[in-house]
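Inspection log for the structure reproduced underneath, given as structure tokens.
The values are calculated or read from the model by the stated rules, or taken from the named source; none is laboratory data. No experiment lies behind these values; they were computed from the predicted model shown. Here the Cβ is made from the backbone with ideal geometry for all residues, glycine too, and neighbour counts use every protein chain on show. Ligands, DNA and RNA are stripped out before the accessible areas are found, and what is left, the full protein with its side chains, is counted by its heavy atoms. Shrake-Rupley method; radii C 1.70, N 1.55, O 1.52, S 1.80 Å.
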Amino acid sequence: MNITGKARLKSPWLFHLNTGSCNGCDIEILAALTPRYDAERFGCMLVASIRHADILLLTGPVTTQMHERLLRVYEQMPEPKAVVAVGSCAVSGGVYTGSPVVDGPADKFMPVDVYVAGCPPRPEAIVKGILEALRKFR
Amino acid sequence: MDARNIDYEYSRLILPVGPVHPSLKEPVNLSVTVVNEEIVDVNVKLNYIYRGIEYLAERRNIAQTIYLVERICGLCSQAHSLTFIQALEEIANIQPPERAEFIRVICAELERIHSHMLLLGVVAYDIGLDTLFMYAFKSRETVMDLLEKISGKRVHHDLNTIGGVRFDIDEDLRRLIIKELKYVKRNLDYISEVLEDATVENRLREVGVLPSKIAEELSVVGPTARGSGLTKDVRFNRSYSVYRDYKNSFKIVVLKDGDCLARVKIRVLEVYESISLIETLLDNMPDTPIRIGERILKIIKRIPVGEAISIVEAPRGQLAHYVYTNGGEGLKRLSVRTPTIPNITAVKYMLMHRQIADIPVVFSSIDPCISCANRVTVTDAAKNKTIIVNLENLRRRM
Amino acid sequence: MITGVLKSLFKKPVTVKYYTKPGVHTPIPDRFRGRIIYDYDGCIGCALCVKICPAGAILATPERKVNFYMDRCIFCGECAEICPVKVISYSKDFEITSSDRSQLTVRK
Amino acid sequence: MVELIEVAAILAAIPLLILVSLLAEGLDRKIYARMQGRIGPPILQPLYDLIKLAGKERIIPVTAKRNIFIIAPYIAFLFSISALVIPAVTLISNLNFTGDLILIAYMMVTVTLMYIIGGAVSGNPYSSIGMSRAIVMMLAYEIPLLACFIMVAVKSGLTLGLYNIIMVQIESRQPLAFIYPSIALTAAVFLLCTPAAAEVQPFDIPVAKTEIIHGPLTEYTGLYLALFKLAKSNQTLLLNILSVILFFYPVFTPLNSNLLNLIIVLTIALIIRFFTVTIPRAVFARLRVTEALKLYWITASILILSAAILTGLGV
């Protein structure tokens, strides 16, 4: 493993995109950054611009409205990149499966690297998912 | 954010805030027209996360719909399921045991606390004071722990069921809640002290002023209305459940200023009220069973055709569910009116002639919950066409 | 504000050392609902859980047993409650993460 | 007359100084996290971020003016590191050339200018708002900052060399800020300008995360972003070192071209950084751009004017 690879494992910058989630997972992602769980121990940082991100945290079952926007955000992300689907609706559609306005789950039309199940997952599980996604960068 | 549509003439810039924007946790589009950092026009566009929950509810059985309705919103999940269950119980003429009602309301109040704490954190984050955001979340975790201990889940509690609740608050838990709420109160004292800081006040005072006359015209609800001097609280005006008997254990907090600081302070004061209400309720819990002994699949079979409207004070304001059962385990119609819909109309008024710097904080101060609000779009799947229901139609529909 | 900030500078951080210290995490309450534990042999195949599952996460198999798709599960706990022979229970395993969705299914 | 040893010192100093400025930033983030009651990132975190960013894909948006978009971060980085090398080498090897203070001021302005230009050409509405805010902020704090340099130069016998300013302090056996009340006022203005130049709260107006995403840097990716970030952290360290050299030079240290000197100055610079960068970042909410402008133009100019009047009176 070269130096760049090692550094990548130590500084995952996150970008969070809500594609129709109920807010639960979004709040748990925020909670994962706060003192109790402190994801910044692993170098995680919630960045504001997708151009700076390494990992896309995806919540929600991807509604028709957000479908195209999700793909656009994904394309704007610089390589190497990883996608973590947080919560049952992002992973598989969850309770919203069967709705005519839901296009998801996301892995139908874009690569998803790690699935974190739970409705919503505990912040610790989200941290675990992020660290698991880092394996892709090795 | 299509690059071709953006007007590059500097003096008049149309700034697309959202649907993907760091200060918004949920997709919503505010099309803000800016002239030299001053806002001259705002257009709010919703429906990015319209998921068709009402459509799904009409195609599932009631036992499944209880959990679907809870997932309308992750922050008012208890309020949503409480509203829905109350409507169903009215139709089926089921009286839940008294202890169940106590537990429901205690959880609803705990949820109000954590939702208000979240707002404090988000407003602090929007004005660039990350430390306060961290402190607010630190004390919020205590409340989340309590809810997890009661129901097993942090966000969606899956607590309510027709004819009672699924989890009991036993003696140990009761003592723990009282102890932990004291800790929350101490942290809250500190947070309200910080709100008096000069730089914090500077960003909040006189920002996004909503005079009570305009507030009444726009029919805003919840803390937004109470921040503008309107005495609007469903718990008081149209009491339900145990609030009927414990009206005097809490009071409505009303502030006159109508600015962001008032709206934020309302939240802090309401948390104190909620804590004292929870303590009273915990002391007076009756010793009855927590649910009627019938299985849920049997109960839903005997729910007759009927309709009911149930209104509850969610953390963000008045939340109403209209439920129309079809007599065969399912629903013919579910309609949800959430507090964010009237409140979001006030945003345009509040933002006019302010600076760009005020957009996030004004928008956060009404505590928007877009995942709730997106039930205004009705999609007719069979004909594949979308109608956006305006407020007037929505009132008629309710 | 400044006194509070300086005070917490010298206090012990409240962070729970999850992952950096193996086995450490915030306490999990008794009612927590994690990955489902399914007693395959005890199942009588009544499919009540399939009927009640709000998310459609439980599907019946040709052998008159069921599969639990944890990737769709919303952890409401109704299936464990309704099961007449109590073969479904919830573990305290909350780290339900995988890079392969099929790993998230509970079969036997 | 630059000797061989000085060239060697300069070359050795560059990677070392980059490391130091990153470490200072890491320390800042760690303390900031501890103030919020959490553990925080490792101290080497900015270094990891930098290496990772350097290895990432570089995207140049179609709306951007390609050449300027690429050149701006390189120029910003080069100027920031050269500006940082001057005081460091002065401390190590008694480099003495007149006018280096002017050079430093010029380079610092150029770094900010590159930042603004980079935002202007990236073709993003948030970048252009960030750019206009950055211009306002530059007008706000650069003028008092330059006035501080002039005040120090006047008071230390009309010299514009760092070496001479150090010598004045050593000869009078007292830091400059303790000798003259006017310089003490100047020091206050200088310290007030530091958080604005470092772009931390309450003056992180050009990059305000929740308002305008990341200001001028919104479209920058990979190495370009890394260079801008490095330039910013170099500039912050430079301001901290300058505030030590100009106002609070540790007069008890011997000035005989050794590293000890630099280490002592760096330690004091880090302490100053704690008070001027870390604490404001933790306790203040972000100001609006007009308020920041008012603060600097009114408060800072009153202070600097009274300092000038005091100088005229000879105190």
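Miscellaneous remarks
- Taking the C-alpha atoms of chain C, convex hull volume expressed per residue in Å³: 160
- Short-range pairs are left out: with C-alpha atoms under 8 Å and at least six residues apart, the relative contact order of chain B is 23 percent.
- Computed from the Cβ-Cβ distance with R0 of 51 Å, the FRET efficiency linking B:ALA308 to C:GLN103 stands at 0.70.
- Size of charge dipole - the protein assembly as shown - debye, nearest 20, with Cβ of Lys, Arg +1 and Asp, Glu -1, no other charges: 1460
- The stretch D:208-249, accessible surface, carbon-and-sulfur percent (1.4 angstrom probe): 68
- Near A:VAL116, once Lys and Arg are set to +1 and Asp and Glu to -1 for all other residues with Cβ below 12 Å from its Cβ, the sum equals -3.
- Cβ-derived FRET efficiency at R0 35 Å, C:LYS7 paired with B:THR231, nearest 0.05: 0.35
- With both labels modelled 7 Å from their Cα along Cα-to-Cβ, the D:SER301 to D:TYR106 distance reads 2.7 nm.
- Isotropically averaged projected area of the stretch D:177-288, using the convex hull of Cα atoms (one quarter of hull area), nm²: 8.8
- Within the accessible area of chain C (1.4 Å probe), percent carbon and sulfur: 57
- Residues whose amide H falls under 5 Å from that of A:LEU46, counting only those 5 or more places apart or on a different chain, are A:LEU14, with hydrogens built in the peptide plane.
- Theoretical FRET efficiency, 1/(1+(r/R0)^6), r = Cβ-Cβ of D:PHE275 and D:VAL251, R0 22 Å, to 0.05: 0.60
- Summed over both chains, the contact between C and A buries some 2400 Å² of accessible surface at a probe radius of 1.4 Å.
- At 1.002 mPa s and 20 °C, Stokes diffusion of the protein assembly as shown via Kirkwood alpha-carbon radius, µm² per second: 72
- Using just its DSSP H runs of length 4 or more, each adding -39500 (n - 2.57), chain A gives a mean residue ellipticity at 222 nm of -9500 deg cm²/dmol after division by all residues.
- Per-residue ³J(HN,Hα) for the stretch B:83-96, Karplus 6.51 cos²θ - 1.76 cosθ + 1.60, θ = phi - 60°, Hz, x for Gly and Pro: 4, 4, 5, 4, 4, 4, 5, 5, 5, 7, 6, 10, 9, x
- Computed extension gain for B:ASN284 through B:ASP170, at 0.36 nm per residue and net of the alpha carbon distance, reaches 39.7 nm.
- Interface residues in the stretch B:66-96 - accessible area drops by 20 Å² or more relative to the isolated chain, probe 1.4 Å: B:TYR67, B:LEU68, B:ARG71, B:GLY74, B:LEU75
- Note on chain B: with neighbouring protein chains present and a 1.4 Å probe, carbon and sulfur make up 48 percent of its accessible heavy-atom surface.
- Farthest towards the positive end of the charge dipole of the protein assembly as shown, among the residues B:LEU119, B:LEU68, D:ILE135, is the Cα of B:LEU68, using unit charges on the Cβ of Lys, Arg, Asp and Glu.
- Applying a threshold of 25 Å to the alpha-carbon distances of B:LYS251/C:LYS11; D:LYS52/D:LYS232; D:LYS56/D:LYS229; D:LYS229/D:LYS294; B:LYS182/B:LYS247; B:LYS149/C:LYS11 flags B:LYS251/C:LYS11; D:LYS229/D:LYS294; B:LYS149/C:LYS11 as lying beyond it.
- Per residue, the stretch A:10-137 exposes 20 Å² of accessible surface when a 1.4 Å probe is rolled over the protein heavy atoms with every protein chain present.
- Taken across both chains, chains B and A shield about 3300 Å² of accessible surface from a 1.4 Å probe.
- Projecting the Cα atoms of B:GLY128, B:ALA100, B:ALA357 onto the dipole axis of the protein assembly as shown, where Lys and Arg carry +1 and Asp and Glu carry -1 at the beta carbon, places B:ALA100 farthest toward the positive end.
- Debye equation applied to the C-alpha atoms of chain A, log10 I(q)/I(0) at 0.11, 0.12, 0.18, 0.19 Å⁻¹: -0.35, -0.42, -0.94, -1.05
- Taking the helices alone, chain D has a mean residue ellipticity at 222 nm of -23500 deg cm²/dmol, built from -39,500 (n - 2.57) per DSSP H run of at least 4 residues and averaged over all its residues.
- Contact residues in the stretch D:260-284 (at least 50 Å² less accessible area with all protein chains than alone, 1.4 Å probe): D:VAL283.
- Cβ-placed point charges (K, R +1; D, E -1), dipole of the stretch A:10-137 about Cα centre in debye, nearest 20: 180
- Figure legend: label point modelled 7 angstrom from the Cα of C:LYS92 along Cα→Cβ; residues of the stretch C:17-46 with amide N under 18 Å from it are C:17-19, C:21-38.
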